[in-house]
Amino acid sequence: MKRIGVAIVESAGCYLVGLRAPGTVLAGLSEFPGGKCESDETPQACAVRECLEETGLAVIPQRQLGTVPWDYPHGSVELHFWLCSLAQDLPPALVPAAPFRWVPASELSTLTFPPANQHILQLLQQRGLQ
């Protein structure tokens, strides 16, 4: 099972969301920044590293939102979701690297994420995490 660190980055009532590239697993679906943990890396450190690599934005982990094990046809994953904020010296409206963009919290439900993300999306909507 692959451990995946995922950064749920919130800033000014918006979340950082990307689109999975054509030709990749789960292509065309929305995603939060994240990726596979290195062998000696914690999921928290992975979420921070992957966010910087994928979006160009430095983030600070605030708290873990949950861990979701999931079996996809292409393999099993254990997703570790971390609520993060932008590093203190970054402006809230900073533009991330494409294909990532800021999505208002109210629009998250209009996007199509992989099935393993549904629990976290419900949590964000129910608790109004901001």
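Considering only residues that are within 19 Å of V68 (Cβ to Cβ), aliphatic (A, V, I, L, M) and not in a strand (DSSP E or B), which ones fall in region 1-47? Once the filter is applied, which keeps residues that are within 19 Å of V68 (Cβ to Cβ), aliphatic (A, V, I, L, M) and not in a strand (DSSP E or B), region 1-47 yields M1, V25, L26, L29, A45, A47. All conditions in (1) exposed (fewer than 13 other Cβ atoms within 10 Å of the Cβ); (2) at pLDDT 95 or above; (3) in contact with a helix residue (DSSP H, G or I) (Cβ under 8 Å, 6 or more places away or on another chain) hold for E53, with the sole exception of (3).
Of the residues screened, R63 is not one that is among the basic types (K, R) and surrounded by 13 or more Cβ atoms within 10 Å (Cβ to Cβ).
Conditions (1) surrounded by fewer than 16 Cβ atoms within 10 Å (Cβ to Cβ); (2) at pLDDT 95 or above; (3) at negative phi, marked per residue:
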| position | (1), (2), (3) |
| --- | --- |
| S11 | no, no, yes |
| A21 | yes, no, yes |
| E31 | no, yes, yes |
| K36 | yes, yes, yes |
| T42 | yes, yes, yes |
| V48 | no, yes, yes |
| V59 | no, yes, yes |
| A87 | yes, no, yes |
| A98 | yes, no, yes |
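Quick one: count up the residues across region 56-97 that are in a strand (DSSP E or B) and hydrophobic (A, V, I, L, M, F, W, C). Before you say what the answer is, go through the steps one by one.
Step one: filter region 56-97 for residues in a strand (DSSP E or B), giving 59-72, 75-86.
Then keep just the ones that are hydrophobic (A, V, I, L, M, F, W, C); that gives 59-60, 65, 68, 70, 77, 79, 81-84, 86.
Total meeting the criteria: 12.
Beta carbons closer than 7 Å, at least 6 apart along the sequence or on distinct chains, pair a first residue in region 98-122 that is among the small types (G, A, S) with a second that is assigned to a loop (DSSP other than H, G, I, E, B) and loosely packed, with under 15 Cβ neighbours inside 10 Å for A105/G13; A105/Q130. Of all residues in region 21-35, those satisfying the criterion of being within 12 Å of the chain's Cα centre (by Cα) and not acidic (D, E) are S30, F32, P33, G34, G35. Among (1) out of contact with any strand residue (DSSP E or B) (no Cβ under 8 Å at 6 or more places or on another chain); (2) farther than 20 Å from A27 by Cα, there is one condition H80 misses while meeting the rest; what is its number? The one condition H80 does not meet is (1).
The values are calculated or read from the model by the stated rules, or taken from the named source; none is laboratory data. Since we're looking at a predicted model, the values are computed, not measured. Note that we place each Cβ from the backbone using ideal geometry, even for glycine, and neighbour counts take in every protein chain shown.
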